[in-house]
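Remarks on the structure that follows.
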There are 6 protein chains.
Amino acid sequence: MYSVTVRDHLMVAHSFRGAVFGPAQRLHGATFVVDATFRRRELDADNIVLDIGLATRELGGLVAELNYRNLDEEPDFAGVNTTTEFLARVVADRLVERIDARARGLDSVAVTLHESHVAWASYEREL
Amino acid sequence: MYSVTVRDHLMVAHSFRGAVFGPAQRLHGATFVVDATFRRRELDADNIVLDIGLATRELGGLVAELNYRNLDEEPDFAGVNTTTEFLARVVADRLVERIDARARGLDSVAVTLHESHVAWASYEREL
Amino acid sequence: MYSVTVRDHLMVAHSFRGAVFGPAQRLHGATFVVDATFRRRELDADNIVLDIGLATRELGGLVAELNYRNLDEEPDFAGVNTTTEFLARVVADRLVERIDARARGLDSVAVTLHESHVAWASYEREL
Amino acid sequence: MYSVTVRDHLMVAHSFRGAVFGPAQRLHGATFVVDATFRRRELDADNIVLDIGLATRELGGLVAELNYRNLDEEPDFAGVNTTTEFLARVVADRLVERIDARARGLDSVAVTLHESHVAWASYEREL
Amino acid sequence: MYSVTVRDHLMVAHSFRGAVFGPAQRLHGATFVVDATFRRRELDADNIVLDIGLATRELGGLVAELNYRNLDEEPDFAGVNTTTEFLARVVADRLVERIDARARGLDSVAVTLHESHVAWASYEREL
Amino acid sequence: MYSVTVRDHLMVAHSFRGAVFGPAQRLHGATFVVDATFRRRELDADNIVLDIGLATRELGGLVAELNYRNLDEEPDFAGVNTTTEFLARVVADRLVERIDARARGLDSVAVTLHESHVAWASYEREL
């Protein structure tokens, strides 16, 4: 199995609901360093999984939609805890759609969001 | 599949027995940067795999039990080569027990120990 | 010249005022990975600049005062752009006071705040 | 499952053929930071997956064969796009042969090549 | 003293002349991860050293001029060993000019080029 | 001012004497990732501060003298607290001698030892 990963980041505010979150129930924020991984069983005729330039541009476009925002006020996330693991899925699902991942022959997409140097979360889905 | 990872570290002395280890047969030491990963097929009602705060505290407690010690003198490791890959398993097994990982609905736990910027080892177990 | 550095992090929301900030004028957030550096011309009788354990605890205490907050609502920062470089100074000044840096014989304190994997800012002051 | 990973790097020139590569069709170059991962279901009698010293030496020997070269002029790669994902496979295949991975009881080998701080590619093969 | 740093990268081919370079006399290549640091004694009225967005764009523009090229064929570098330390100066000098660093009140500019995970070089100039 | 930095690492056991060290008074260990920086006001005729290959070999040789040892039993360190900042000086002083730094026209040498992902220490000396 082959994979290609590209990295970008986004900077958002949000708060959580639920006693489990302790002080993170207050409005706070995070930089999420985003790693998007694309997997394919075989390389294509150009010897690539997916063009790294294209992957970078598409991840950049997707990140721009979320960047510099208070997620608590985004209609898409109304009433939802926008945890790191949940956002990893949001990014993965949007990427799959944005690059039409199945049509490109990709076998899976995984996204990791690093919320600090000591904590990160991932979501991976088969295609 | 979702995952959450938290990072801590421990600083220990130890030595190895066996010609394969060369100069590492002498008493020496290591900083192990420890990454503990918890995987779950679905998020819980709070939209998390496991509370990152709880994961951090439990990993910290576990690490404190091993930290600042000469592993050659720990009864738990008598007669055992405490290699990086072996210690990855020790940390994973202790974490599974400490956080009652099955009861929390986790599907697997993986631990990576970085012994330097150019070498690391992992152990992953299904639950 | 000797130095010792310890790392921690904080997660905050804030917004900026001024056209130069573009989309960052909206309420957003950041994880700041904080590196605090203490410099001393000579080591003390224990052969240290400053105990790393103490430095870690004091930086941790200081970070906890700022963590999981919306800086726009903190009285200390009313009407102020809490940019990365400004916050680096806040952390440095508070650290100097908190550890009584001059009395400990330190010659300077520097703080770097990493706002992402591609941008960071620092402030250094002589003592 | 256990794994051990060692890191090295190589510095090469190359160019790509195909419109998808845009400006990378020109002769350019890359530093590839190479992570080689060896997996094994059970540890051996020394409590290791593979000796880290041996893995480091063998990866170093393999990297030296490719290092400081223009890949466009290497007979092994005539008419081939030496993309990051393709080179990950080359390194993995050569490592498997070089260390006689099956005879050592390894279950899989994976190689990641980091071409920058924001892009990397991997190849993994079962044994 | 305050500073702000932004990171980008470039991927180039080149070769060196001189026995000291050993195998690096052959045509090879490198990814240079570029850190550009801007220092200022006092913050401006917006509480910044320099807008991070502007710094990122200008570094990006400068990097694009050098990227995906064989430096041996660039007229600007004819007959010159384009070592990492030399290129650090090229990037610093071009940045100073490009952003009109003195007019912006900057006190110095420093550039670090990482050629691998185990080697990097810097150049700093006062303004 | 120009600089070149190379990285290596060493793995040692040691213990400290003095209440300030708390649990680190017990025999424990550390991986020290070592960054050695060489500074020069002007480049030499080859356009370098110091050959990176030579710097890497010399740092490697120096590190090998200390590696895989219990520093408490090294005659050179009898009765001395081998703290991270103290060891940074030991490495710097030995490097200056080993490469005959003054004769090579270097202006200063700095060494940073990273004892973990959250703590490091440095020593710099003018020549």
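The values are calculated or read from the model by the stated rules, or taken from the named source; none is laboratory data. Model, not experiment: these values are computed from the prediction. Virtual Cβ from ideal backbone geometry, glycine too; neighbours counted across all protein chains shown. Keep in mind that these areas ignore ligands, DNA and RNA; they rest on the heavy atoms of the full protein, side chains included. Shrake-Rupley method; radii C 1.70, N 1.55, O 1.52, S 1.80 Å.
By how many degrees, 0 to 90 and rounded to 10, does the Cα axis of helix D:52-66 deviate from the longest principal axis of chain D?
With rounding to tens, the tilt is 20 degrees.
With a 1.4 Å probe on protein heavy atoms only, work out how much accessible surface E and F bury together, total over both chains, in Å² to the nearest 100.
On the way: alone 7140 and 7140 Å², together 12840 Å².
Interface between E and F: roughly 1400 Å².
Taking the Cα atoms only, what angle lies between the long axis of helix B:84-98 and the longest principal axis of chain B, rounded to 10 degrees?
That works out to roughly 40 degrees.
Could you give the size of the charge dipole of the range E:2-126 about its Cα centre, using +1 on the Cβ of each K and R and -1 on the Cβ of each D and E, expressed in debye and rounded to the nearest 20? Can you show the working numbers first?
Values: 14 positive and 20 negative charges, 44 e Å.
Result for the range E:2-126 is approximately 220 debye, rounded to the nearest 20.
Would you mind giving the mean number of other chain beta-carbons within 10 Å of the Cβ of each residue in E:41-48, as a whole number?
On the way: counts 0, 0, 6, 2, 3, 9, 12, 10.
Whole-number average of other-chain Cβ neighbours for E:41-48 is 5.
Taking a point 7 Å out from Cα toward Cβ as the label site, list the nm distances between A:E65 and the same residue in every other copy, smallest first.
3.6, 4.2, 4.5, 4.5, 6.0
Spelling out what I want: for every residue of the range F:44-51, take phi, set θ = phi - 60°, compute 6.51 cos²θ - 1.76 cosθ + 1.60 (Karplus), and round to whole Hz; glycine and proline get x.
Each residue of the range F:44-51 in turn: 7, 5, 8, 6, 10, 7, 6, 4 Hz.
With a probe of 1.4 Å, find how much accessible area the range E:1-54 has per residue, and write the answer as a whole number in Å². Numbers along the way, then the final one.
Working: 1810 Å² over 54 residues.
Per residue, the range E:1-54 has an accessible area of 34 Å².
Using every Cα-Cα pair within chain A, state what percent have a distance larger than 18 Å. Walk me through the numbers before you get to the answer.
Numbers: 4204 of 8001 pairs.
I get 53 percent for the Cα pairs in chain A exceeding 18 Å.
Going 7 Å from Cα along the Cα-Cβ axis for the label, what nanometre distances separate A:D76 from the same residue across the other copies?
Copy-to-copy label distances at A:D76, shortest first: 3.5, 3.9, 4.4, 4.4, 5.7 nm.
When only Cα pairs under 8 Å and 6 or more residues apart are kept, what is the percent relative contact order across chain D? Intermediate values should be presented prior to the final figure.
Details: 230 pairs, mean separation 38.4, N = 127.
Once normalised by length, the contact order is 30 percent.
For peptide D:23-36, what's the mean number of Cβ atoms from other chains within 10 Å of each residue's Cβ?
On the way: counts 6, 6, 1, 7, 9, 13, 15, 8, 13, 3, 5, 0, 3, 0.
Mean partner shielding for this stretch: 6.
Counting other Cβ atoms within 10 Å, which trypsin sites (Lys or Arg not before Pro) in the range B:38-127 have at most 12 and lie in a DSSP loop? Let's see the in-between values first.
Details: sites: B:R39, B:R40, B:R41, B:R57, B:R69, B:R89, B:R94, B:R98, B:R102, B:R104, B:R125; in loops: B:R41, B:R102, B:R104.
For trypsin sites (Lys or Arg not before Pro) across the range B:38-127 that sit outside H, G, I, E and B with at most 12 neighbouring Cβ atoms in 10 Å, the list reads B:R41, B:R102.
If R0 is 45 Å, what FRET efficiency do you get for A:E74 and B:D76 from their C-beta distance, rounded to 0.05? All intermediate terms of the calculation are to be shown ahead of the outcome.
Values: r = 49 Å, r/R0 = 1.10.
That gives a FRET efficiency of 0.35.
For D:P23, which inter-copy label distances result when the label point lies 7 Å beyond Cα on the Cα-to-Cβ vector, reported in nm to one decimal and in ascending order?
Taking the point 7 Å beyond Cα along Cα→Cβ, the inter-copy spacings are 2.2, 2.9, 4.4, 4.4, 5.1 nm.
Just need the Rg to Rh number for the protein assembly as shown, please, alpha carbons only, Kirkwood Rh.
On the way: Rg = 25.1 Å, Rh = 26.9 Å.
With Rg and the Kirkwood Rh in hand, the quotient comes to 0.93.
Averaged over C:57-67, how many beta carbons belonging to a partner chain fall within 10 Å of each residue's beta carbon? Intermediate results must be reported in sequence, preceding the final value.
Numbers: counts 0, 0, 1, 0, 0, 0, 0, 1, 0, 1, 4.
If you average over the peptide's residues, the count of other-chain Cβ atoms is 1.
Have a look at the range D:97-127 and report residues whose accessible surface goes down by 40 Å² or more when the remaining protein chains are included, against the chain on its own, probe 1.4 Å, ligands and DNA/RNA excluded.
Residues losing area: D:E115, D:H117, D:V118, D:W120, D:S122.
How large is the Kirkwood hydrodynamic radius of the range F:1-45, in angstrom, based on all distinct alpha carbon pairs?
Numbers: mean 1/r = 0.0745 Å⁻¹.
Mean inverse Cα-Cα distance, inverted, gives 13.4 Å.
Give the chain C residue with the shortest beta-carbon distance to the rotation axis relating chain C to chain D, plus that distance as a whole number of Å.
Per the C/D rotation axis, the closest residue of C reads C:H117, 3.
Order of E:14-26, B:7-19 by packing, highest average Cβ count within 10 Å first? Numbers along the way, then the final one.
Working: E:14-26: 16.8, B:7-19: 20.5.
My ranking of the peptides, most packed first, is B:7-19, E:14-26.
Tell me the carbon and sulfur percent of the accessible area for chain C, rounded to whole percent, probe radius 1.4 Å. Write down the numbers at each step before the final one.
Details: 2160 of 4750 Å².
The C+S portion of the solvent-accessible surface of chain C is 45 percent.
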